[in-house]
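Input: a single structure, listed below in structure tokens.
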Amino acid sequence: MATAGEIVDLENLTRWFLAIAFCATRDPFQGPSQFRDASRARAQWFWVNWDMDASFGQAGNNPFKELLLPPGGGRRGRRADEIRPYLMTALLAQDPAYREYFKAAWIRAMNFAITPAFLRERFEHYREIAHTYGVETVEYLPLLETFLAKRGGVLRGHAEQYLQTPTVACRLTTTGPVLVDGHPVNGGFDGYYFKGMRVTLDVPPAHAERFSHWRVNGSPHPRRQTAITLTADRDLSIQAIWR
């Protein structure tokens, strides 16, 4: 990871993988998408998502089989210099530090970016566009809606299998504002973590006076503070108790 990170933008590469993974893009290794920014002191090479039209088709698509090198080799992509599948395969298979980095990025994306609420809003947005512009052939809409509803759960299973790490559920109920891993949630949170990861919970300072305590899996947390850190070693059911 340290060596590769001097040459390529690993955050960019990882986010590209996550985007293609969720969208189930069938022809992901397209170009021109590889660029070099010579003004950077390091990690000059990066990618731009390109030609995403062959997406949202198969909810069961396994990105770890489609995007990484198959056992025994075999080139991916149209160009001989397509390095993304080689890099991702090597980093995930050979570098524990990158595996942890990847798992953290995966959880951030699935818990706080590609949420059910976000997907519903985007679906309704584009359905309204189709209606506004008089698109006559809209048979794709129920297919897309089904894909968006199923994809997150399918990917969770694929990630568990490839990374050989089970996940645990994390659910929060609250009537006030709470930060989960620094992300604001209102009304609750329903996500998951790879087993052993840490979960941070905090109450914004402006609301600290109204906060009473946390309950974790039915029991009061021993630390009666606005900020706590939990280890996701089992399913977590958390309540924020307010005065």
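See the values below:
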quantity	calculated
Test: residue in segment 87-95 that is in contact with a strand residue (DSSP E or B) (Cβ under 9 Å, 6 or more places away or on another chain) and either on the phi < 0 side of the Ramachandran plot or modelled with pLDDT of 95 or more (or both)	yes
Residue in segment 49-65 that is touching a residue at least 40 places away in the same chain (Cβ under 8 Å), among the charged types (D, E, K, R) and out of contact with any Ser or Thr (no Cβ under 8 Å at 6 or more places or on another chain) present	no
Among the candidates Phe22, Phe56, Phe35, Phe64, residue that is open to solvent by 30 Å² or more (accessible area, probe 1.4 Å) and outside any loop (DSSP other than H, G, I, E, B)	Phe35
Segment 200-233, residues that are assigned to a loop (DSSP other than H, G, I, E, B), open to solvent by 70 Å² or more (accessible area, probe 1.4 Å) and out of contact with any strand residue (DSSP E or B) (no Cβ under 6 Å at 6 or more places or on another chain)	Pro222, Arg223, Gln225, Asp233
Residues within segment 150-178 that are within 15 Å of the chain's Cα centre (by Cα) and farther than 24 Å from Ala104 by Cβ, tallied	1
Per-region count, segment 138-181, residues assigned to a loop (DSSP other than H, G, I, E, B), farther than 17 Å from Ala117 by Cβ and either among the hydroxyl-bearing types (Ser, Thr, Tyr) or touching an Asp or Glu at 6+ places or on another chain (Cβ under 8 Å) (or both)	3
Qualifying residue in segment 193-200 (condition: touching a residue at least 60 places away in the same chain (Cβ under 8 Å) and more than 19 Å from the chain's Cα centre (by Cα))	no
Residues (in a loop (DSSP other than H, G, I, E, B), touching a residue at least 24 places away in the same chain (Cβ under 8 Å) and open to solvent by less than 50 Å² (accessible area, probe 1.4 Å)) located in segment 67-92	Leu67, Leu68, Gly77, Glu82
Close pairs (9 angstrom Cβ cut-off, 6 or more residues apart or separate chains): of a type in the set (D, E, K, R) in segment 152-178, outside any helix (DSSP H, G or I) and open to solvent by 50 Å² or more (accessible area, probe 1.4 Å) anywhere	Glu160/Pro166; Arg171/Asp190; Arg171/Asp235; Arg171/Ser237
Sole residue being over 26 Å from Gln30 (Cα atoms) and not basic (Lys, Arg), chosen from Tyr86, Tyr98, Tyr133, Tyr126	Tyr133
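The values are calculated or read from the model by the stated rules, or taken from the named source; none is laboratory data. Here the structure is a predicted model, which means the values were calculated and not measured. A quick note on method: Cβ atoms are made from the backbone with ideal geometry, for glycine too, and the neighbour counts reach across all protein chains shown. When the accessible area is computed, the model is the full protein with side chains, heavy atoms only, and any ligands, DNA or RNA have been set aside. Shrake-Rupley method; radii C 1.70, N 1.55, O 1.52, S 1.80 Å.
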